[in-house]
1. Go through the stretch 162-172 and give me each residue that's more than 15 Å from Leu245 (Cα to Cα) and free of Cβ contacts under 8 Å to residues at least 60 places away in the same chain.
2. Could you tell me whether the stretch 83-99 includes any residue that is farther than 30 Å from Leu55 by Cβ, crowded, with 17+ Cβ neighbours inside 10 Å, out of contact with any Asp or Glu (no Cβ under 7 Å at 6 or more places or on another chain) and not polar (S, T, N, Q)?
3. Report whether or not Ala271 is under 19 Å from Ala25 (Cα atoms) and either exposed (fewer than 14 other Cβ atoms within 10 Å of the Cβ) or modelled with pLDDT of 65 or more (or both).
4. Is the stretch 141-162 home to any residue that is of a type outside the set (Ser, Thr, Tyr), within 15 Å of Leu115 (Cα to Cα), more than 22 Å from the chain's Cα centre (by Cα) and surrounded by fewer than 19 Cβ atoms within 10 Å (Cβ to Cβ)?
5. So which residues in the stretch 128-140 are surrounded by 12 or more Cβ atoms within 10 Å (Cβ to Cβ) and free of Cβ contacts under 8 Å to residues at least 60 places away in the same chain, if there are any at all?
6. Give the number of residues within the stretch 138-185 that are assigned to a helix (DSSP H, G or I), basic (Lys, Arg) and out of contact with any Pro (no Cβ under 9 Å at 6 or more places or on another chain).
7. Kindly list, by first and then second residue, each pair from a residue in the stretch 245-267 that is under 24 Å from Val152 (Cα atoms) to a residue that is of a type outside the set (Gly, Ala, Ser) and in a loop (DSSP other than H, G, I, E, B), limited to pairs with Cβ atoms under 7 Å and residues at least 6 apart or on different chains.
8. Taking the stretch 182-241 on its own, how many of its residues are farther than 27 Å from Ala156 by Cα and among the charged types (D, E, K, R)?
Amino acid sequence: MITPLLLAALALVLAGPVPAFMARAAWPYLIPRAAVALWQSISIAAVLAAFGAGLALSYSTAGEPGEPRFDPSSARDLAAALVLALTVIVGLRLVWSFGRVAIGTRARRRRHRDLVDVLATPDGLIPGLRVLAEETPLAYCLPAIRGSRVVVSVGALDRLDDGELRAVLAHEQAHLRARHDLVLEAFTALHLAFPRFVRSDVALDQARTLVELLADDEARRRNGPLPLARALVALAGSPAPEAGLAMAKSATVLRVQRLADPAPNASLLSAATYTAAVLLLVVPTFTVAAPIVKAVVDAVS
């Protein structure tokens, strides 16, 4: 019985205190790629631990393999059935959440892309660039498997010089090449899969900030930090469509401050973070798989 309790406690810790601790730390911003991997591991491990707790509790409550599989008059078997049913519900909720986010996000982007193609003017500066005749400064991208778009408005072009514009376009292209939208979709789905009284906005908010830092790093490598920092200031407070990944959508002050410092060499910190991410998945994955493997072995023997 101790394994289900430990897994349940692990799930609660990973869903609450650990994200709160991570959100207060500054070191993830030094290594955004490794930090994204760690946040993904935290979220997945929380789900796996919750599954593991349900499966382990159901398995430990249901009795030995030689005993009758299910006895409705047994309180123990009824408890096992209830726990297993709740675990299945959690799994179905997770699948539903991923499907809902994937379908809904792609539909919004498709509608927005069609609207942009009607209202905006193509520009050959980079593939998929559209210039919108709008005085409000806008700069964002619409990811897709085919037909990705980078959208800038006339108002943004009026505010940016050539170097700043190149930095903005490099930032948006980095989002498209790395498919940061898929990273955010996964975090959004995991966020919605948890009940309201358990889930926290921290992981999703941090993921949004970290993918912006990743795109900033690529733009800095291509154009230097100063044009990108000036572009962020020029576009600060610009509105952003829900369907797109926008240049100045979040954490502008943090990003400008980060660009003011030299690019850090944090290879050891990055390696340690990746290691922690891997190890964090091992325990709940093993504990979820162990009851299943044992049941199969018992059935075969």
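The values are calculated or read from the model by the stated rules, or taken from the named source; none is laboratory data. Not measured: the values here are computed from a predicted model. Virtual Cβ from ideal backbone geometry, glycine too; neighbours counted across all protein chains shown.
1. Within the stretch 162-172, just Asp162 meets the criteria.
2. Initial filter on the stretch 83-99 (farther than 30 Å from Leu55 by Cβ): none.
No, the stretch 83-99 contains no residue that is farther than 30 Å from Leu55 by Cβ, crowded, with 17+ Cβ neighbours inside 10 Å, out of contact with any Asp or Glu (no Cβ under 7 Å at 6 or more places or on another chain) and not polar (S, T, N, Q).
3. Working: under 19 Å from Ala25 (Cα atoms): yes; either exposed (fewer than 14 other Cβ atoms within 10 Å of the Cβ) or modelled with pLDDT of 65 or more (or both): yes.
The answer is yes for Ala271.
4. yes
5. Of the residues in the stretch 128-140, the ones surrounded by 12 or more Cβ atoms within 10 Å (Cβ to Cβ) are 128-132, 134, 137-140.
Correct list: Gly128, Leu129, Arg130, Val131, Leu132, Glu134.
6. Restricting attention to the stretch 138-185, the residues satisfying the condition of being assigned to a helix (DSSP H, G or I) are 154-159, 162-178, 180-185.
Restricting the remaining residues to those that are basic (Lys, Arg) gives 159, 166, 177.
Still in the list and also out of contact with any Pro (no Cβ under 9 Å at 6 or more places or on another chain): 177.
Adding up the residues that qualify gives 1.
7. Leu245/Pro143
8. 4
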